[in-house]
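First comes the structure, then the notes that go with it.
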């Protein structure tokens, strides 16, 4: 009996460099299952963002078009239309204004759709500018102690004034427009971001790797870029989500009292302001923009809570 030995070797299968799509989707699904608030808040915010992008296609008419002959038309009676389609009752009035019309005959539905753009623009812009400016001030005052005493006293002075009163005062000085609303609310939010970043930087200064970098003669800007900024991104991202929600409420408040966006630009705040005089007889003028504002702020807050749980290692271990 002879034994034949082969010199041919079978190569072991190599693992793919890129994970299969199914496994990637599984990881995303596991992450969203672990943090359901991120999934819920992101879904609400994505829907609102799509409404803002598609507002010209979702709106039925021009949101600024006046029709005095059709003012204060109620929303369609869904129950009456359902009964008519099922063969019960007469045909109700034409389904023209989905959310009704205001006192000037403008379509509330179209105004609410276009108002989504204003609220999201103000929220995202305020969150971005206040985070960037507050990050710069907080890093400089926390790492360069010569500036700390002067800069933080200015921030404390701004924080001593209620944010809404500071925004109203600034709007009275610079006039009503969307850009000025962003500026007024951002100025009121910068001190809070700078105080947060300063506290994080003061704790990072005492870390051994930062002290070693200082002792080795590393330049200040390199220490800030390599060691300080990366460790401040997580709290800044979380804080930016809450600033976004607060800015939307602030814009609605300013517009509601007549100090925000001009009446020619539809926003949820001035839609509610125009309908408050008819609240007892025509509550739908205030109800629909209030619902959209509440849902949007809820989505942003849920997203912020989920990001805080995901980015904070102490909270992530508990979940």
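FYI, it's all coordinate maths here, none of it is from the lab. Note that the structure is a prediction, hence the values are computed from the model and not measured. Note that we place each Cβ from the backbone using ideal geometry, even for glycine, and neighbour counts take in every protein chain shown.
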Exercise. Output the relative contact order of the stretch 193-319, whole-number percent, from Cα pairs under 8 angstrom with separation of 6+ residues.
Key: 22
Self-check item: Rel. contact order, % - alpha carbon contacts under 8 angstrom, at least six apart, the stretch 163-246
Solution: 25
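Going by average Cβ neighbours within 10 Å, how do the peptides 257-266, 204-213 rank, with the highest at the top? Provide the component values of the computation, followed by the final result.
Details: 257-266: 18.5, 204-213: 13.5.
So the order, starting with the most tightly packed, is 257-266, 204-213.
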Quiz item: Want the number for residue 202 to residue 214: 0.36 nm per residue separation, take away the alpha-carbon distance, what's left?
Solution: 2.9 nm
Quiz item: So if we plug the beta-carbon distance of residue 33 and residue 276 into 1/(1 + (r/R0)^6) with R0 = 45 Å, what FRET efficiency do we get, rounded to 0.05?
Solution: 0.60
Quiz item: According to the square roots a ≥ b ≥ c of the eigenvalues of the Cα gyration tensor, what is the shape class of the stretch 113-264, taking rounded for a/c under 1.5, prolate for a/b larger than b/c otherwise, and oblate for the remainder?
Solution: prolate
Practice problem: In nm, give the distance between the simple-model label positions of residue 257 and residue 70, each being 7 Å from the Cα along the Cα-to-Cβ direction. | Solution: 3.6
Exercise. Determine the gain in length on full extension of the stretch residue 153-residue 291; use 0.36 nm per residue of separation and subtract their C-alpha separation, reporting nm with one decimal.
Key: 45.7 nm
